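**Student:** Handing you a structure now.
Derivation of every value follows stated rules applied to the coordinates shown; laboratory data play no part. Model, not experiment: these values are computed from the prediction. Reconstructed Cβ throughout: ideal geometry from the backbone, glycine too, with neighbour counts over all protein chains shown.
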Amino acid sequence: MILSWRNRRAHNNKMKNNNRLCEDLDAEINVPTHFRCPISLDLMKDPVTLCTGITYDRENIERWIEAGNETCPFTKQVLETFDLIPNHILRRMIQDWCVQNRSLGVERIPTPRIPVSQCEVSEVCSRIVAATRRGDGKKCGELVRKIKNWGKESERNKRCIMENGTACILSASFESFARDSFEKHINLLVEILSVLSWMSPLGKEGRSKLETESSLRCIIWLLRNGDLSGRQSAVLVLKEILHSDERQIITNTLRAIEGVVEALFFLIKEPISPTATKASLMAIYCMISSTTKNDMITSRFLEMGLVGVIVEAIVEADKSVCEKALGVLDEICNTEKGKEEACNNALIMAVLVRKVLRVSEWATELSVSILWKLCDEESVRIEAIQVGTFKKLLVILQVGCGESTKEKVKELLKLLNVYNNRVDCSVDSSMGFKYLKKPF
């Protein structure tokens with residue numbers, strides 16, 4: 001107890017010293033008022049001037065305007081124009097001040113790049129259209145890389161690029177060169193996909209260009225044979241294509257393309273990034289849920305061992321991956337063969353029960369749905385009791401859930417109640433009953 005008190009006293013003294021040091025530093029570094037943004041009161045990194053003559057940091061004033069405000073934050077005057085004029089003189093003064101105070105730990109702000117304009121984007125897009133018509137892959141590649149570099153500079157540039165219909169033009173270019181000979185233009189096609197991967201939504205017209213058989217064959221080829229970056233871009237675009245009202249038609253087209261199932265499966269079994277894993281799970285979900293006629297695709301996934309791979313992925317997955325993996329598993333369990341594979345998995349019951357009330361409300365609902373679908377057989381119900389499902393279900397009722405989930409929980413409790421007193425339970429003691437609102 002004395003040791004604990006001494007540790008707390010030492011910690012408090014250390015915090016006081018740190019706070020005193022910060023106060024001394026603030027006192028030594030006196031940031032001139034005209035160097036601070038009137039909105040955030042922070043040192044400006046990219047000062048720009050409005051038509052009212054007031055200078056703000058670009059990021060802050062752009063956020064203000066994008067929120068729908070039409071007045072100057074400082075003067076409250078209605079803005080006649082939203083043009084932002086870079087204040088180069090003030091920016092140089094701020095940079096000089098940073099250099100002078102370098103000994104106090106002030107870093108020099110970098111010279112900001114001028115944001116891309118709508119005119120520049122439109123001009124490049126027009127040149128891409130012309131190069132595509134000529135079949136000039138080299139010139140088209142240079143222009144696509146220019147757009148890609150613009151997007152890397154800032155989120156504002158990305159928004160400007162997307163708002164000018166660039167996705168549709170790049171999709172049309174991709175479809176044209178993929179139809180011609182995608183192996184001949186493979187580097188160009190990879191560059192286009194890398195840009196399209198951060199353009200969401202693609203738009204109906206742009207998506208229609210990527211839904212053609214020639215485009216899909218190229219995307220799947222890159223999904224199987226591309227490098228890590230190319231595979232990630234391909235799966236992100238494929239997920240975006242499948243996330244539409246035409247997923248049934250697209251899935252039917254994918255059925256005729258060799259290797260799509262294997263490519264998506266290995267992105268989950270041997271993940272290259274969380275982003276690619278989530279996109280793969282969403283693509284698989286869209287494919288197996290699009291229509292009952294696609295049992296062949298579901299069967300192929302099951303033959304490759306998708307259930308086992310997903311269950312293993314769920315164990316240590318973050319919230320987003322876990323929810324998407326549970327969604328795929330829930331959809332798989334709608335088929336008899338899928339339920340059989342799930343029931344034969346030794347980990348699935350324990351993993352599902354563990355995820356209840358631990359990840360999110362949506363993950364809990366999906367876990368209950370899967371349990372409800374699997375508890376048809378007596379052996380499964382006994383295993384469910386052994387891993388503590390019964391008490392977890394009672395906790396769900398106490399916490400509250402949606403009507404559909406509540407009905408499933410009640411049905412499960414009726415099924416499991418028969419075995420509750422006859423089977424030894426190994427409840428996860430770390431769960432406790434902290435979620436309970438009232439005693440039973």
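**Student:** Can you figure out the FRET efficiency of Ala67 with Trp198, using R₀ = 22 Å and their beta-carbon distance, to the nearest 0.05?
**Tutor:** Details: r = 23 Å, r/R0 = 1.04.
According to the calculation, E is roughly 0.45.
**Student:** If you find the alpha carbon centre of segment 292-339 and of segment 108-128, how far apart are they in angstrom?
**Tutor:** 44 Å
**Student:** Take peptides 327-334, 150-157 and line them up by average Cβ neighbours within 10 Å, highest first, as a rough protection proxy.
**Tutor:** Working: 327-334: 22.0, 150-157: 16.4.
Result, highest mean first: 327-334, 150-157.
**Student:** What number, rounded to the nearest 500 deg cm²/dmol, is the helix-based mean residue ellipticity at 222 nm of the chain, given -39500 (n - 2.57) per DSSP H run of at least four residues and division by all its residues? Before the final figure, lay out each step's value.
**Tutor:** Numbers: 23 runs with 290 residues, N = 440.
Roughly -20500 deg cm²/dmol at 222 nm, from the helical runs in the chain.
**Student:** Using P(r) over Cα pairs in 10 Å bins from 0, in percent as the read-out, say which of (i) 4, 21, 30, 26, 15, 4, 0; (ii) 4, 17, 24, 23, 18, 9, 3, 1, 0, 0; (iii) 4, 16, 18, 17, 19, 17, 8, 1, 0 was calculated from these coordinates.
**Tutor:** Here P(r) over Cα pairs in 10 Å bins from 0, in percent agrees with entry (iii).
**Student:** Could I ask something else about it? Please compute the modelled spin-label separation between Val418 and Glu153, points set 7 Å along Cα→Cβ, answer in nm with one decimal.
**Tutor:** It works out to 7.0 nm between the two label points.
**Student:** Provide the FRET efficiency to the nearest 0.05 for the Thr49-Leu228 pair, computing r from the beta carbons and using R0 = 60 Å. Mind showing how you got there, number by number?
**Tutor:** Values: r = 44 Å, r/R0 = 0.73.
Efficiency, from the Cβ-Cβ distance: 0.85.
**Student:** Something else about it: Evaluate the charge dipole of the chain about its Cα centre and quote only its size in Debye, nearest 20, assuming +1 on the Cβ of each Lys and Arg and -1 on the Cβ of each Asp and Glu.
**Tutor:** Numbers: 62 positive and 58 negative charges, 208 e Å.
My answer is approximately 1000 debye.
**Student:** According to a simple spin-label model (label point 7 Å from Cα along Cα-to-Cβ), what is the distance in nm between Phe74 and Asp42?
**Tutor:** Between Asp42 and Phe74, the simple spin-label model gives 1.8 nm.
**Student:** With labels modelled as points extended 7 Å from the Cα through the Cβ direction, what inter-label distance (nm, one decimal) is found for Ala256 paired with Ser404?
**Tutor:** Here the modelled spin labels are 3.4 nm apart.
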